[in-house]
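K.L.:
Pasting a structure here, questions to come.
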Amino acid sequence: MLIRILAALGVGVWCLFILLVSVVFIIDRGLADVGIVWIGILGLGVGLPRFSCGR
């Protein structure tokens, strides 16, 4: 049971890290004012994992 909790926490930390890196990349490249970029990042980062789990 503890191994599952640690695995879930590890995956959550990794996903948060990837999300933050992508946001920093967008801001650094000057794409923050392009709306479709944010839709793409939030769609892949929030929508895709939620719908791919089948819930």
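K.L.:
Just to be sure I understand the model, the point goes 7 Å from the Cα along the line to the Cβ. What's the resulting Ser22 to Ile5 distance in nm?
P.N.:
2.9 nm
K.L.:
Now, a different point. Among 26-37, 2-13, how do they line up by average Cβ neighbours within 10 Å per residue, starting with the highest? Let's see the in-between values first.
P.N.:
On the way: 26-37: 10.9, 2-13: 9.2.
With the highest mean Cβ count within 10 Å placed first, the list reads 26-37, 2-13.
All of the numbers you see were taken from the coordinates with simple rules; none came from a lab. Source: prediction; values computed, not measured. FYI the Cβ positions are ideal-geometry reconstructions off the backbone, even for glycines, and counts take in every protein chain you see.
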